[in-house]
Structures are given as structure tokens and as C-alpha cells.
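Values in this text are rule-based calculations from the coordinates and carry no lab data. The shown structure was predicted, so the numbers you read here are calculated from the model rather than taken from an experiment. Cβ placement follows ideal geometry from the backbone for every residue including glycine, while neighbour counts extend to all protein chains displayed.
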Amino acid sequence: MQPNAEELRFDLEAALDSMVLVRSEVPEDAFTAGILGTERVGNGVVIRDDGLVLTIGYLITEATTIWLNTNRGAAVAGHPLAYDQATGFGLVQPLGKLAAPALPRGTAASCRVGDDVVVAGHGGRKHALKA
């Protein structure tokens, strides 16, 4: 079931516009290429106004090329900034203007078991799920 914006306490479209597609290319002789492949695709979320993207680390491990695609159609090259082994998260710095809003950080303090959540990635509302 897709989320209904009127039922939410946040701006759904702005939140979805914070999601980006992360595409990366890794050399064939890279240590992780045999296991994770040389072409990797996944999602990321813009977490700062300068366009910094949080993603899953394996997408950018040993990457020589990274592209970030927005829901509005922009494609911007990215640079792998950091990878944290403990959490598995990675950071990508766009090398140009990403033109995607940063998703405000929230808190889970008011969340309760059984509350609805929105699961989303790049692609807008048609790729979002209310669960």
C-alpha cells in the first residue's frame, strides 16, 4: 500500500525527494568485485544541506565511479567520503549541486509498536510503502 500524504504528520513529497539512487562502478580486480560485483545500485538519503548522502557502504566500497540520481532527474557524480565498518554505512559527497532537500533527522521517542511507517527509496511515491 502506498502512503497517503494526508494521513502523515510530515511532508511526504519532500521526504521522498530526499531519496537518491546510488550507482557505482568498481574495478574488476578490486578485492570485493568477485563477491559484490563491479556494478552496484542502491538507495541513499540526503542528510545535509550541502548534499551529503548516507547510503549502505558496500555500494561505494572500492568504487572508482559514483553517480547520484534525484527524483527530479538530476544526475551528479559523487565521491566516496567515508565507510564505517561497524555500522555498514557509507557517506558520498556530491561533486556538483544535487538539488535535493536534506531529510530532517527525527526521533523514535514517540514511536510505539504497531505504529505505521513509510519505507521509501529513490523513485518517489510509487516506490514507497506504508507498513
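So which chymotrypsin sites (Phe, Trp or Tyr not before Pro) in region 1-104 pass both tests, a DSSP loop state and at most 16 other Cβ atoms within 10 Å of the Cβ?
Within region 1-104, the qualifying chymotrypsin sites (Phe, Trp or Tyr not before Pro) (loop, at most 16 other Cβ atoms within 10 Å) are PHE10, PHE31.
Between beta-carbons, use under 13 Å as the cut-off and find the net charge around ALA75, counting Lys and Arg +1, Asp and Glu -1.
In short, +3.
Work from the charge dipole of the chain (Cβ charges, +1 for Lys and Arg, -1 for Asp and Glu, about the Cα centre) and give the residue of SER110, PRO27, ILE56 farthest towards its positive end.
The Cα lying farthest towards the positive end belongs to SER110.
Can you give the charge dipole size of the chain about its Cα centre, rounded to the nearest 20 debye, using +1 on the beta carbon of Lys and Arg and -1 on the beta carbon of Asp and Glu?
Dipole of the chain, to the nearest 20 debye: 260 debye.
How many nm separate the modelled label positions at LYS97 and ASP49, each set 7 Å beyond the Cα in the direction of the Cβ?
About 1.5 nm, to one decimal.
Loop only by DSSP, 15 or fewer other Cβ within 10 Å of the Cβ. Give me the GluC sites (Glu not before Pro) in region 20-105 that pass, ordered by residue number.
Loop-located and lightly packed - GLU28.
Residue by residue through region 119-131, what is 3J(HN,Hα) from phi via Karplus (6.51 cos²θ - 1.76 cosθ + 1.60, θ = phi - 60°)? Round to whole Hz and write x for glycine and proline.
9, 9, x, 4, x, x, 4, 5, 10, 10, 9, 8, 10
Please report, to one decimal in angstroms, the Kirkwood hydrodynamic radius of region 1-64 built from all distinct Cα-Cα pairs.
With all distinct Cα pairs of region 1-64 included, I get 13.7 Å.
Kindly provide the trypsin sites (Lys or Arg not before Pro) of region 4-57 that DSSP labels as loop, not H, G, I, E or B, and whose Cβ sees at most 11 other Cβ atoms within 10 Å.
Counting only loop positions with at most 11 other Cβ atoms within 10 Å, the trypsin sites (Lys or Arg not before Pro) in region 4-57 are ARG9.
Between ALA77 and ALA33, what is the FRET efficiency for a Förster distance of 22 Å, r being their Cβ-Cβ separation, to the nearest 0.05?
Working from the Cβ atoms, E equals 0.60.
With a bin width of 10 angstrom, please list the P(r) values of the chain as percents of all Cα-Cα pairs, from the 0 bin to the one holding the largest distance.
For the chain, the pair-distance distribution reads 13, 40, 32, 14, 2.
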